[in-house]
Amino acid sequence: MNSKGFLAMLGLSLCALGAEAINLDEYVEVTQGVEPKIVFQEDFEGKSNWSLNGATFGKHGEKMDNAIRIHRETHNDPYRITTKQFSLKPGRRYRLSCRASFKNLTHKGGNHMEFFAIELKNKNNYVGGLYPVFHGFKSGDIGWQEYSGEFTPHWEFDYAHIALYLKQAKTGTVFYDNIKVIDLGEPEAIVYPLEPKFLNPMDNAPIRCRVFNYGRGKELRVVATYNGQTVVEKVEDEEAILRFDKFAPGKNEVVCSVVDVASKVKYGTYRFNLYSQKVPEHRIGIRNDGILIRDGKPFLPVGIYTNHVVFREQHIPEIREAGFNFIMPYATVLQNIRPGDKPKTTLEMLRRDLDIFEENGMLMLASLKERHLLKEIDGIKGMEQTVPYIVNGIKDHKALMGWYITDENPLDELPEIIRLRELVSSNDPAHPVATLTDKAKDAIHYGATGDVFMGDSYPIYDDKTRDMARVRRYVEQCIKDSRLGFWMVPQAFNWGCFRKEKPFSEYRYPTEQEMRSMCLLAMNLGAKGYCFFSYGSMLRADDLDPGSRTRFWPQVSSVVKLLRELEPFFISTESAPAVEVTRNTGEAIVEAKTYKAGSKLAVVVTSDGPGSVEAVLKVAGNPKLVSKFGLTEFRDGAWRFKATDIASDILVNAP
């Protein structure tokens, strides 16, 4: 037996990296010897200094001691948040807990509960938080119980506050007592594969891993083991490339430990599964830069969300003619777009619907994110069986573009979501899995759940909305942290459809210029696809504001057709001339980027707002261009962009 085999038998990890050898027994676990420490505690018996905002103190506690009471009589009652500020540190693992009881609790739209949180602010801007979600809540009265959640804030923030609330979909009374925040010590590292896509290494593809260690460690290494092979690789730019000799067909488990050779600290162990298998001839692939490949050709996916309640076959031509090339129907396994002709089984219905999509030249991003619907399908029970049944039943259909498995899920659902992703990819190595979170701070975690990362940021509320800075911050962090191809979910709805704090008439729709500008901002930041939200909300808005869809839909279509027109620039890999941007007046961020596709050139310029701004653009080589939207003119040897609030323009080759 050679020395490597002998050490493996002893349970030691020893591997050559140049002259380097790593023995994991010589490293101290980052969690070793850590004692939890209470950093915030509230029993409401002394002076509390809470911002009550409608809540009340009283003898509501479990032992008739003091507690806070929050009450919502109707769903139209104002949505209020009770808060108290305190201090936390980035890069620490925390547990938030409280004891709570409920009286006359009712649910509108699901029996899950989210009723307390930690929120973090940096320069008065929201940057993230912890929002524990609890499932299986019954209506009526619920006695005192302890509820908790954990998180590790890894971003910069000035302060934190505890938030107590009853969401708009709930009515009744909640009582809070014994709120605690406990410092659990340093977190373990986060490790997961970015490549190969579809979790499919085939024979011996290298594994490109995301390695996030919260900024700790001077000389990080990943010690990875698979089937008796052990490799050690350096961590560079928060990534490591693992190279094994050969993968066996089927399931392959890879075990990774992250260590710092300078401090001799081990930052935890992570396991992930890969599934080596042959790839079918018909497939939707993903290029290294995140662009989708269909039948060997790159393309730009531009889609829209629908739902099974209102979406029907007759809507597909309107969606197609607006320029969309795919549809993401929520609750796909319930979807029956031809209600008068319901097939006997769910699988037959899915294939029939996909046939209709194909006849209309439309692709489907099938949703499996509604895990409660996967408990039983066509007499088959349990997600471990229903997912392979559905995936294998439709994966050969040419109208299938991929799978959608998350939608703003809380982090405590991550293990089940990762398992769902494995069930999909292990049965279908030919279609990408798309994952989505609305919280940019969760992108580092959700990169483990898909091949494509989708993100939604909806900034347009009312007439006071004048900038898209939050969209920029959100997209930048999602792309930076997830390191997956990014698809933007643009706002194509009126918040009045969902919020009741004020009359519907006081909310507004995004303008065409705002939608266009948010999409072009995402393009410049690196977006590789779009899925507009949403067709169903436009139908709903028509009930609240008759005629609104007729007015709004052409604006959405105009933006979609523009994106499709720009497809050659999205998919191009050619180098483009440099562009220099100098802002002369105003404070809004102005950004421009050039694109080249064959003989065609485009310069995309955006202004985040708010306020008026003027900037000078100088394009290398001074090509002859024309402004598409009239916000930029050529004068004195340079292009001069002038705009107000959220704005954009495109310069293209002169005819």
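The values are calculated or read from the model by the stated rules, or taken from the named source; none is laboratory data. Quick caveat: nothing in here was measured; it's all calculated off a predicted structure. Counting neighbours? That spans all protein chains shown, and the Cβs are built from the backbone with ideal geometry, glycine included. For accessibility, only protein heavy atoms count, side chains too; no ligands or nucleic acids. Shrake-Rupley method; radii C 1.70, N 1.55, O 1.52, S 1.80 Å.
Residue check: is Phe357 among the aromatic types (Phe, Trp, Tyr) and modelled with pLDDT under 95? No.
Checking Asp442, Asp355, Asp412 one by one, the residue that is out of contact with any Ser or Thr (no Cβ under 6 Å at 6 or more places or on another chain), open to solvent by less than 30 Å² (accessible area, probe 1.4 Å) and of a type in the set (Asp, Glu) is Asp442 and no other. Out of Lys369, Lys398, Lys342, one residue alone is open to solvent by 30 Å² or more (accessible area, probe 1.4 Å) and either over 24 Å from Ile291 (Cβ atoms) or part of a strand (DSSP E or B) (or both). It is Lys342. Before we move on, is Glu150 touching a strand residue (DSSP E or B) at 6+ places or on another chain (Cβ under 6 Å), modelled with pLDDT of 95 or more, surrounded by fewer than 19 Cβ atoms within 10 Å (Cβ to Cβ) and part of a strand (DSSP E or B)? When the stated conditions are applied, Glu150 does not pass them.
Would you mind stating whether Val475 is under 21 Å from Tyr126 (Cα atoms), open to solvent by less than 10 Å² (accessible area, probe 1.4 Å), of a type in the set (A, V, I, L, M, F, W, C) and modelled with pLDDT of 95 or more?
On the way: under 21 Å from Tyr126 (Cα atoms): yes; open to solvent by less than 10 Å² (accessible area, probe 1.4 Å): yes; of a type in the set (A, V, I, L, M, F, W, C): yes; modelled with pLDDT of 95 or more: yes.
Yes.
The C-beta contact set for segment 88-102 (first residue basic (Lys, Arg), second residue surrounded by fewer than 21 Cβ atoms within 10 Å (Cβ to Cβ) and not in a strand (DSSP E or B), distance under 7 angstrom, 6+ apart or interchain) comprises Arg92/Thr152; Arg92/Glu186; Arg93/Thr152; Arg93/Glu186; Arg99/Glu62. So, of the residues in segment 626-655 that are at pLDDT below 95 and open to solvent by less than 70 Å² (accessible area, probe 1.4 Å), which turns out to be nearest to the chain's Cα centre (by Cα)? Taking the candidates together, the pick is Asn653. Restricting attention to segment 164-179, the residues that are surrounded by 19 or more Cβ atoms within 10 Å (Cβ to Cβ) and part of a strand (DSSP E or B) add up to 9. Considered as a group, the residues in segment 287-322 that are among the β-branched types (Val, Ile, Thr) and part of a loop (DSSP other than H, G, I, E, B) include one that is farthest from Thr449 (Cα to Cα), and that residue is Val310. If you filter segment 445-464 down to residues that are free of Cβ contacts under 8 Å to residues at least 60 places away in the same chain and among the aromatic types (Phe, Trp, Tyr), you find that the one that is surrounded by the most Cβ atoms within 10 Å (Cβ to Cβ) is Tyr446. With respect to (1) touching a residue at least 12 places away in the same chain (Cβ under 8 Å); (2) over 30 Å from Ile286 (Cα atoms); (3) acidic (Asp, Glu), the lone exception for Glu567 is condition (2).
Which residues, taken from segment 258-271, are surrounded by 14 or more Cβ atoms within 10 Å (Cβ to Cβ) and either without any contact (Cβ under 8 Å) to a residue 24 or more places away in the chain or under 21 Å from Arg93 (Cβ atoms) (or both)?
From segment 258-271, those surrounded by 14 or more Cβ atoms within 10 Å (Cβ to Cβ) are 258-261, 263, 265-270; that's our starting set.
Matches in segment 258-271: Val258, Val259, Asp260, Ser263, Val265, Lys266, Tyr267, Gly268, Thr269, Tyr270.
Considering only segment 626-638, state which residues are in a strand (DSSP E or B) and over 16 Å from Leu520 (Cβ atoms).
Our first condition is that a residue be in a strand (DSSP E or B); within segment 626-638, this holds for 626-627, 632-635, 638.
Passing the criteria: Val626, Glu633, Phe634, Arg635, Ala638.
Picking from residues in segment 276-286 that are closer than 15 Å to Trp403 by Cβ and either part of a strand (DSSP E or B) or modelled with pLDDT of 95 or more (or both), the one that is most open to solvent (accessible area, probe 1.4 Å) is Ile286. Among the candidates Asp295, Asp289, Asp237, single out the residue that is in contact with a His (Cβ under 9 Å, 6 or more places away or on another chain) and surrounded by fewer than 21 Cβ atoms within 10 Å (Cβ to Cβ). Answer to the check: Asp295. Among the residues of segment 223-241, those identified as without any contact (Cβ under 8 Å) to a residue 40 or more places away in the chain and more than 26 Å from the chain's Cα centre (by Cα) are Ala224, Tyr226, Asn227, Gln229.
Residue-wise test of (1) farther than 30 Å from Ser257 by Cβ; (2) touching a Ser or Thr at 6+ places or on another chain (Cβ under 8 Å); (3) modelled with pLDDT of 85 or more.
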site	(1), (2), (3)
Leu7	no, yes, no
Cys15	no, yes, no
Ser51	yes, yes, yes
Asn66	yes, no, yes
Ile81	yes, no, yes
Arg93	no, yes, yes
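Scoring Arg216 on the criteria (1) at pLDDT 95 or above; (2) open to solvent by 20 Å² or more (accessible area, probe 1.4 Å); (3) under 12 Å from Asp260 (Cα atoms) leaves a single failure, condition (1). Restrict the check to segment 182-201 and report whether at least one residue is over 19 Å from Val261 (Cα atoms), open to solvent by less than 10 Å² (accessible area, probe 1.4 Å) and either in contact with an Asp or Glu (Cβ under 6 Å, 6 or more places away or on another chain) or free of Cβ contacts under 8 Å to residues at least 40 places away in the same chain (or both). No. Quick check: is even one residue across segment 572-588 out of contact with any strand residue (DSSP E or B) (no Cβ under 8 Å at 6 or more places or on another chain) and within 26 Å of Asp451 (Cα to Cα)? There is at least one residue in segment 572-588 that is out of contact with any strand residue (DSSP E or B) (no Cβ under 8 Å at 6 or more places or on another chain) and within 26 Å of Asp451 (Cα to Cα). Among the strands (runs of 3 or more DSSP E) confined to segment 507-625, the ones with at least 2 residues that are open to solvent by 40 Å² or more (accessible area, probe 1.4 Å) and of a type outside the set (Phe, Trp, Tyr) are located at 579-585, 590-597, 612-619. Exactly one residue among Val255, Val222 is within 17 Å of Leu24 (Cα to Cα), hydrophobic (A, V, I, L, M, F, W, C) and buried (at least 22 other Cβ atoms within 10 Å of the Cβ), and that residue is Val222.
Taking segment 42-114 and the strands (runs of 3 or more DSSP E) fully enclosed by it, the elements with 2 or more residues that are open to solvent by 50 Å² or more (accessible area, probe 1.4 Å) and either under 15 Å from Lys180 (Cα atoms) or touching a His at 6+ places or on another chain (Cβ under 7 Å) (or both) are at 93-107.
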